[in-house]
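Structure record follows, encoded as structure tokens.
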Amino acid sequence: MRFIGLLIAAAVAVWVYIDAKNKGYKTLPAVGWMLGVFLLMIVFLPLYLFVRARKAKPVEILTPCKHCGKYYQDTPLYCPNCGHKVGGYSFKEE
Ligand SMILES: [Zn+2]
């Protein structure tokens, strides 16, 4: 059953690598995180998630458009996908 644990560790390590690359890490630090998580997951996984949460910028928050369902960044006045008005926090309910 040790094989299953190794498989999970490898899967999580690969996820960390891909996630780190997506978050703008260069290859070397991303590989470093991957190896750290793979070898010492109990230490590096919480550490990575902590660093990741601190690194995340508020502009990366995605909001679903209530008209077309696609996600958009920031708080634009109009949906970049369908063009419906989505921002501007109006007090009037339609
Ligand atoms: Zn839309």
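Miscellaneous remarks
- Odd one out for K55 among (1) modelled with pLDDT of 85 or more; (2) surrounded by 12 or more Cβ atoms within 10 Å (Cβ to Cβ); (3) more than 16 Å from the ligand (Cβ to nearest atom): (1)
- Between G36, G69, G87, the distinction of being surrounded by 12 or more Cβ atoms within 10 Å (Cβ to Cβ) and at pLDDT 90 or above belongs to G36 only.
The values are calculated or read from the model by the stated rules, or taken from the named source; none is laboratory data. Not measured: the values here are computed from a predicted model. Cβ sites come from the backbone with ideal geometry, for glycine too, and all protein chains shown count toward neighbours.
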